[in-house]
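Below is one structure, written out as structure tokens; the observations come after it.
The values are calculated or read from the model by the stated rules, or taken from the named source; none is laboratory data. Keep in mind it's a predicted model, so treat the numbers as computed, not measured. Here the Cβ is made from the backbone with ideal geometry for all residues, glycine too, and neighbour counts use every protein chain on show. Remember, those area values only see protein heavy atoms, side chains included, never the ligands or the DNA or RNA. Shrake-Rupley method; radii C 1.70, N 1.55, O 1.52, S 1.80 Å.
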Amino acid sequence: LSDEEIISQEVMMLVAGKVTTTDQICNNFYLLMSRPGLFEQIKKNPEQMTLSTEEFKRFDPAVTSLFRVATEDAQLGAQPIKTGDTVFIATHAINRDAEMFEEPLTMNIQRTSNKHFAYGHGAHYCLGARLGRLQMEILFNHIVKEFPTMKLDPSRSAERDHYSLAFSGFKTIPVII
């Protein structure tokens with residue numbers, strides 16, 4: 001790679017890693033706090049955190065869409081795709097594929113076969129996926145342990161942040177500690 005290509009890749013990884021991690025933390029946190037009884041359930045059973053954070057990522061991924069350019073002719077279901085076509089992939093849709101997930105519209109923190117696309121797939125699989133998983137698990141275990149009475153502030157609403165077509169997180173999630 002040229003110096004310019006290396007710098008471009010480094011900037012992309014820094015920005016993408018920060019944005020996706022920040023947004024995914026917020027999305028996971030909101031699901032943990034907004035589902036009745038879930039925070040209490042995980043407090044009592046912290047060993048459920050690993051499966052829970054994976055299900056949170058499936059259910060509300062920070063990366064909402066991906067675009068790819070077909071390198072060869074292909075068929076996706078009944079849809080022909082020609083070389084050079086741009087393909088739009090909605091991660092919320094593929095993470096709710098009934099052929100891949102049992103009860104795909106239901107958030108199930110006991111789901112053990114969770115092949116979600118929150119970190120992409122194949123050649124575009126996230127380089128930081130392992131680090132992201134580790135950060136989520138450590139952070140949420142810490143939150144549950146250190147702030148056992150935390151709850152959403154009922155007097156103020158959480159505010160989503162849809163600042164681009166590709167990313168989704170929150171501007172605010174008011175809580176009471």
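Quick notes on this structure:
- Residues of the stretch 99-126 that turn out to be aliphatic (A, V, I, L, M) and either closer than 13 Å to Phe59 by Cα or surrounded by 16 or more Cβ atoms within 10 Å (Cβ to Cβ) (or both), as a count: 4
- Test: residue in the stretch 156-170 that is in a loop (DSSP other than H, G, I, E, B), modelled with pLDDT of 95 or more, surrounded by fewer than 16 Cβ atoms within 10 Å (Cβ to Cβ) and out of contact with any Ser or Thr (no Cβ under 6 Å at 6 or more places or on another chain): yes
- Taking the stretch 18-98 as the region of interest, the helices (runs of 4 or more DSSP H) fully inside it that hold 1 or more residues being without any contact (Cβ under 8 Å) to a residue 24 or more places away in the chain and under 20 Å from the mean Cα position of the chain (by Cα) are 91-94.
- Scope the stretch 127-146; condition open to solvent by less than 70 Å² (accessible area, probe 1.4 Å) and not in a helix (DSSP H, G or I); matching residues: Gly128
- Of residues in the stretch 79-94 being of a type outside the set (Ser, Thr, Tyr) and under 12 Å from Ser65 (Cβ atoms), the one surrounded by the fewest Cβ atoms within 10 Å (Cβ to Cβ): Phe88
- Any hit, the stretch 112-130, residues being in contact with a Ser or Thr (Cβ under 7 Å, 6 or more places away or on another chain) and farther than 26 Å from Phe39 by Cβ: yes
- One residue stands out in the stretch 17-36 among those that are open to solvent by less than 50 Å² (accessible area, probe 1.4 Å) and out of contact with any strand residue (DSSP E or B) (no Cβ under 9 Å at 6 or more places or on another chain): the one that is modelled with the lowest pLDDT, namely Gly17.
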